[in-house]
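A.B. asks: Take a look at the following structure, please.
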Amino acid sequence: MTSLRTPLYDLSANLKARFTEFAGWEMPVQYSGIKQEHQAVRTAAGLFDISHMGKFFLRGQGVLAALQTLVPSDLSRLTPGEAQYTVLLNPQGGIIDDLIIYSQGTELDGRERVAIIVNAATTDKDKAWMTEHLSADIAFEDVSRDRALIAVQGPEAVAQLQRLTAEDLDKVGRFGHIEGTVLGQPAFLARTGYTGEDGFEVMMSADGGQALWQTLVENGVMPCGLGARDTLRLEAAMALYGQDITDDTTPLEAGLKWLVHLDGAGEFIGRQVLEQQSTDGVARRLVGLQMEGRNIARHDYPVMQDGAAVGIVTSGTLSPTLGYPIALAYVPANLGKVGQSLAVEIRGKTFPAQVVKKPFYKRKTS
Amino acid sequence: MALEFPDDLKYLDTHEYARVDEDDAIVTIGISAFALDQLGDIVFLELPDVGDTVEKGETFGTVESVKAVEDLKSPVNGDVLERNEAIVDSPEQIVDDPYGDAWLIKIKAENLEDLDDAMSADEYRDQVEGS
C-alpha cells in the first residue's frame, strides 16, 4: 500500500523535511531539527502540516443531540462558533478517539452544521462508529483526504495569521472558530492547537492551504514536523491517542474529568462505567512524572515501586523547554499524588522519578 | 551538505566507527555522521564504565535522540579504558565533531582481527548513500 500524501507534501519536500510513515500518511517528522522547531513554537511561531487528520462536516436536524449519545461532554452548552474537545466512548467507557466538535450554527431550514476533527489513525474507525449511530438523515461529508489543515502555533502565531486575513482574530476566543477568508480564499479558522501555545488551526482547500503555507514560511514562521508536535504536546500534558488514551482507558482514568459532564450530558454510550468510576474512584490514573536523573522514560517502560512493576509509561521525552525528562504514566490511584516517589525501569535498571503536576509546561498568559 | 566519512576509520553496519591504534591495540569508538544525521538532536548517552568488558557485536551502551533509542554495538572484544565524560555530560554536542572530540569510549582490544569484517570508508559510504 502506498502512503497518502497531503496537499503540502511537495512544499515540505522542497524544505528538505525528513518524512515518516504515520497512520498511512507520509508526514514530515522534522525540518531544521526537533529542538529548534520546538523552541520556535515556544518563543515565536511555528506551522505544522496536520492535513492528515480526519475532517468531517455533518449537516441535518439535531446533529448535536445525536452526537450527544456518543460523548460524555454536555453538547447542549455549545453555542454556534464554539467548540468542545471531547472523546468518543465505547460501552466499557474506553476511548475510541479524542476529537473536537465545532458547532457551526443552524441553517434557515433548521439543519444544524457541525464540523468534527479527529485523529488520522482513527479516521475510518470514527467514521464507521458515528455513521452507525447517527440517523441516515444526517449528511456526513468526509473531506479528510482533500482539504489542507495547517496549525499556526506560538506567541506570535495570531499576529502572523492576522496579516493574511481581514477577519478580526482577536474576537475569536479559545476554542472559538469562524468561517472567513485567508489570502482571499475560503477558510475555517479555529483557535485550537496541540502545543500548549496560543494559535489557530486553519482548514482550506488544497490550493488555499499551499498558498497559506508558503506565505507563512516566507514571513518567517518556522515549519515544524511531527517530532516537535509530540514534544510540545507532551510538555503541555495533552494526551496522544493510541499511547496515553486508548480503547482500554476511560477519560476519568486519563485525567480528562473536565470534559465529563455527567449532570448535563444525558444518556451516552459508556455512561454507566463513568458513573461507577465517578462514585467509587478510579483504580489507576494518568500522572505526570519527572525523572530525577537524565535517563529518559519512554513509552511502555514499567513504573516501579519497591521492586515491583506497578504501572506503565505511556509517553516520555527529554523536555526541550525544561531540560529534564518528563513522562506520562498510568499508576495506581494511591500512588498518583503529586510528590509521590516512584521509579522507572529503563533497560533493566531502575531510576527515580517523582509524580509532578500536569501540565509540565504552562504558557504565561498576559 | 555531504556527510564526511574519514578514510582512516573502520565502520560497522550498525553505524559505529572504530579508530584503530595498531601499536597499542586501542580502539576508539564513535558514531558516524550518517547515523547522527538520521537520529537528529541527541539528548542522552549511556556508556559503560571504565574497566567494563565489551563484546564484539554486543550492546555496550545507548544513544537517544528526541524520538529514538538506539543500541551501540562494539566491533571488538575488550576492556573499556576510557569513556568520554564530556560528551556524556553534553550529548547534544556530539554532532559538532563526531570523529574528533565526540568519541565515546576507548577499548583495549583482545584481538584487532575482530575488525577484519568492518567496512572501509568507501564501503560504508556506498552502503548509506545507496540506501
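A.B. asks: If I go through the stretch A:104-120 residue by residue, how many of them are touching a strand residue (DSSP E or B) at 6+ places or on another chain (Cβ under 7 Å) and either surrounded by fewer than 16 Cβ atoms within 10 Å (Cβ to Cβ) or closer than 21 Å to A:I50 by Cβ (or both)?
C.D. replies: Residues meeting the conditions: 11.
A.B. asks: Quick test of your reading of the structure: B:L72 fulfils all but one of (1) buried (at least 22 other Cβ atoms within 10 Å of the Cβ); (2) of a type in the set (A, V, I, L, M, F, W, C); (3) more than 14 Å from chain A (Cβ to nearest Cβ). Name the failing condition by number.
C.D. replies: Tallying (1) buried (at least 22 other Cβ atoms within 10 Å of the Cβ); (2) of a type in the set (A, V, I, L, M, F, W, C); (3) more than 14 Å from chain A (Cβ to nearest Cβ), B:L72 fails exactly one: (3).
A.B. asks: Could you list, in sequence order, all residues of the stretch B:67-78 that are part of a strand (DSSP E or B) and either β-branched (V, I, T) or under 30 Å from A:L232 (Cβ atoms) (or both)?
C.D. replies: Result: B:V69, B:E70, B:D71, B:L72.
A.B. asks: Within the stretch A:70-83, how many residues are surrounded by 16 or more Cβ atoms within 10 Å (Cβ to Cβ) and assigned to a helix (DSSP H, G or I)?
C.D. replies: 2
A.B. asks: Within the stretch A:112-130, is there a residue that is outside the structural domain of A:E21 (by TED's automatic domain parsing), among the charged types (D, E, K, R), in contact (Cβ under 8 Å) with a residue 60 or more places away in the chain and not in a helix (DSSP H, G or I)?
C.D. replies: Scanning the stretch A:112-130, I find no residue that is outside the structural domain of A:E21 (by TED's automatic domain parsing), among the charged types (D, E, K, R), in contact (Cβ under 8 Å) with a residue 60 or more places away in the chain and not in a helix (DSSP H, G or I), so the answer is no.
A.B. asks: Could you please find all residues in the stretch B:30-66 being in a strand (DSSP E or B), under 30 Å from A:T231 (Cα atoms) and hydrophobic (A, V, I, L, M, F, W, C)? Before the answer, list the steps.
C.D. replies: Let us first name the residues in the stretch B:30-66 that are in a strand (DSSP E or B), namely B:30-31, B:42-46, B:53-54, B:56, B:59-65.
Now narrow it down to the ones that are under 30 Å from A:T231 (Cα atoms): B:30-31, B:42-46, B:59-65.
Those that are in a strand (DSSP E or B), under 30 Å from A:T231 (Cα atoms) and hydrophobic (A, V, I, L, M, F, W, C): B:I31, B:I42, B:V43, B:F44, B:L45, B:F60, B:V63.
A.B. asks: Moving on to the next point. For the stretch B:86-106, enumerate the residues that are within 13 Å of another protein chain (Cβ to nearest Cβ) and hydroxyl-bearing (S, T, Y).
C.D. replies: Within the stretch B:86-106, B:S90 is the sole residue that qualifies.
A.B. asks: Go through the residues of the stretch A:320-328 one by one and say whether even a single one is farther than 30 Å from B:V88 by Cβ, of a type in the set (A, V, I, L, M) and out of contact with any His (no Cβ under 8 Å at 6 or more places or on another chain).
C.D. replies: The answer is no; no qualifying residue exists.
A.B. asks: Let me ask something else. If you check A:L262 against the conditions, is it closer than 20 Å to A:Y85 by Cα and in a strand (DSSP E or B)? Quick ask: steps written out before the conclusion?
C.D. replies: On the way: closer than 20 Å to A:Y85 by Cα: yes; in a strand (DSSP E or B): no.
So A:L262 does not fit the description; no.
A.B. asks: Here's another thing I want to ask about it. I'd like the residue in the stretch A:265-290 that is over 13 Å from A:L70 (Cα atoms) and assigned to a loop (DSSP other than H, G, I, E, B) and, out of all such residues, is nearest to the chain's Cα centre (by Cα).
C.D. replies: Here the residue is A:V282.
A.B. asks: I'm trying to understand the selection: among the residues of the stretch A:236-285, which are of a type in the set (D, E, K, R), surrounded by fewer than 19 Cβ atoms within 10 Å (Cβ to Cβ) and within 22 Å of A:V355 (Cα to Cα)?
C.D. replies: If the condition is that a residue be of a type in the set (D, E, K, R), surrounded by fewer than 19 Cβ atoms within 10 Å (Cβ to Cβ) and within 22 Å of A:V355 (Cα to Cα), then A:K257 is the only one that fits.
A.B. asks: Determine if the stretch A:293-310 includes at least one residue that is under 21 Å from A:K35 (Cβ atoms), more than 14 Å from every other protein chain (Cβ to nearest Cβ), of a type in the set (A, V, I, L, M) and outside any helix (DSSP H, G or I).
C.D. replies: No.
A.B. asks: Just to verify a result, which residue in the stretch B:41-69, among those that are touching a residue at least 40 places away in the same chain (Cβ under 8 Å) and within 13 Å of B:I29 (Cα to Cα), is farthest from the other protein chains (Cβ to nearest Cβ)?
C.D. replies: B:K56
The values are calculated or read from the model by the stated rules, or taken from the named source; none is laboratory data. Since we're looking at a predicted model, the values are computed, not measured. Here the Cβ is made from the backbone with ideal geometry for all residues, glycine too, and neighbour counts use every protein chain on show.
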